[in-house]
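Just so it is clear, none of the values below were taken in a lab; they were calculated from the coordinates. Predicted model, so just to flag it, every value in this text is computed and none were measured. Please note: Cβ atoms are built from the backbone with ideal geometry, for glycine as well, and neighbour counts cover all protein chains shown.
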Amino acid sequence: MKKAILLSITEDTAEMRSLLDTLGVRVISEFHQNLRYPHKVSFLGPGKIEEIHKELEESEFDLAVVNGTLRPSQHHYLEMKFQREFIDRPGVILRIFSEHAHTQEAIAQVTLAKLRYEQPFLREWIHKAKSGDRPGFLAGGAYATDVYYEHAKTHARRIEKGLRELSKQREITRAKRREQGYSLVSLAGYTNAGKSALLNRLCEASVEVDDRLFSTLSTTTRRLKGSRANILVSDTVGFIRDLPPDLIDAFNSTLEEIFYADMILLLFDSSENDEEIKSKLRTSLDILLPKTERRSLIVVGNKIDLIDDERKKNIVCFVQSMIEPHELQMISTVEEEGLDTLRERIGAIQKLSAVLSVVLPLKDESMGLLSRLRVSCDVSEEIVGTRVEATIQCRSEDLGKVVGWLEAAGALKIISNDGPRAEGAQKSEASSGSEGAPLT
Ligand SMILES: Nc1nc2c(ncn2[C@@H]2O[C@H](COP(=O)(O)OP(=O)(O)OP(=O)(O)O)[C@@H](O)[C@H]2O)c(=O)[nH]1
Ligand SMILES: [Mg+2]
């Protein structure tokens, strides 16, 4: 396990510690200096840095971590001063992403974010090396640094091109799904809120669930289990405060999957304290709201099995006032509490406003059609002698197609809530232009 020291201008280092824990780095000493802003040359004040430097003379550690964002000049100064590797908060997050990236797309996105993140630091090393300060980045000398910088730029451009292609591909997939009558629900929220655990429950999936931060980097989409299966649920990368902008940018095609969903479930961990809940929700809303339509968002307080009723009421009260006019649902994924209500709310994104009363002959073909229609419609049926009487609720835009399929199956009678559609085997107006087969 790597040993690190941690420098911070606040005493609030809990999140950084869990990030480092995720990365397998052990903090051996922590140094605070309460400052409103970091010192512009040395992050902590120069006096404090001298003090730390002296104190650490005999200590063995592999790297130094800064609980904040370093400017290239501060980074250069600190590495020179301590002769150790320094890494800031965006750098730590990038390393975690790097370790957790498994799919080709996630690897490309992380590589791009890293290349962009490194560029200002590289420029600083080149600048310092050219002004005769020290040999360049990675001790390779000014020439090597220059070459690496140019190579990195070309590499970044190549990855950007590949990612643009992937983004187009996702757009095509989304359009196709919509055409086929699928609706998409995205799970969003701070890392570790329980998104993957909820996907597993809602869709009987088996995505990795872990107490580490950023267990999920790539998107998994599964069908919602239950009465209708044409609702897809997507689990994707979690948010974190001060997410490096390069990373947001590089993960754009993954995040688009959230932004363009028909419904977003924004999860938070209700077992945390008020401050954590508020700041994590704020971070998530700041990322989501500018890009999503307000009406499609439901905020979901997860892990209520870890709190009592009094606490739950209290959370509902302050969260509701924060997120108005959005709706709030409180659930426990582990104990399956509140999941039925949540499923109902998800089901309601598909407005099944058209209602058909249908009589079909009692044949395998009729029963097969009704069972296929269940994927996208609410269907109830009763066998009466040699006939099947069914009530079918579907989306108004699917009405023509559904009537067409019913007629093809030999429906004896089709009456919709806006009047009769067909009697006997006659073709109705609504069925003209119907094509394809029911969703399976
Ligand atoms: N007690 C309790 N724990 C939960 C619940 N839901 C999830 N967890 C736990 O919370 C931790 C994080 O769950 P994940 O589903 O991996 O969280 P995530 O939001 O997907 O996290 P990232 O992929 O890292 O962004 C795991 O240890 C889960 O077992 C819940 O309802 N109750
Ligand atoms: Mg996850």
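Over its Cα atoms, what ratio of radius of gyration to 2.2 N^0.38 Å does the chain give?
Ratio of Cα Rg to 2.2 N^0.38 Å: 1.27.
Whole number please: convex hull volume per residue, Cα atoms of segment 17-129, in Å³.
It is 116 Å³ per residue.
Tell me which of Gln83, Phe43, Met16 sits at the most positive position along the dipole axis of segment 2-87, charges placed on C-beta atoms (Lys, Arg +1; Asp, Glu -1).
My answer, from the dipole projection, is Phe43.
How high is the FRET efficiency between Thr154 and Ile248 when r is their beta carbon distance and R₀ equals 30 Å, given to the nearest 0.05?
0.85
Expressed in nm to one decimal, what extension gain is obtained for the pair Thr391 and Leu35 from 0.36 nm per residue of sequence separation less their Cα-Cα distance?
Between Thr391 and Leu35, full extension yields 121.3 nm more.
Once the other residues with Cβ under 11 Å from the Cβ of Pro38 are scored (Lys, Arg +1; Asp, Glu -1), what is the net sum?
Residues close to Pro38 contribute a combined charge of +2.
For segment 163-347, state what percent of all Cα-Cα pairs lands in each successive 5 Å bin, counting from 0 Å until the bin that includes the largest distance.
1, 8, 17, 22, 22, 16, 8, 3, 1, 0, 0
So, with +1 on the Cβ of K and R and -1 on the Cβ of D and E, and no other charges, what is the size of the charge dipole of segment 2-87 about its Cα centre, to the nearest 20 debye?
About 300 debye.
Given the pairs Lys3/Lys114; Lys225/Lys312; Lys40/Lys81; Lys195/Lys278; Lys168/Lys291; Lys54/Lys81, which span a C-alpha to C-alpha distance of over 21 angstrom in this model?
Beyond 21 Å between Cα atoms: Lys3/Lys114; Lys225/Lys312.
Restrict the search to segment 29-113; then list the GluC sites (Glu not before Pro) that DSSP places in a loop and that have at most 14 other Cβ atoms within 10 Å of their Cβ.
Filter output for segment 29-113: Glu57, Glu58, Glu60.
Are there any trypsin sites (Lys or Arg not before Pro) in segment 23-61 that are in a DSSP loop and have at most 14 other Cβ atoms within 10 Å? List them by number.
Of the trypsin sites (Lys or Arg not before Pro), the ones in loops of segment 23-61 whose Cβ has at most 14 other Cβ atoms within 10 Å are Arg36, Lys40.
Mind putting a number on the dipole of the chain about its Cα centre? Charges go on the C-beta only, +1 for Lys and Arg and -1 for Asp and Glu, and I need it in Debye to the nearest 20.
Roughly 1340 debye for the chain.
Along the positive direction of the dipole of the chain (beta-carbon charges: Lys, Arg +1; Asp, Glu -1; about the Cα centre), which of Asn34, Ile315, Leu265 reaches farthest?
It is Leu265, whose Cα lies furthest towards the positive end.
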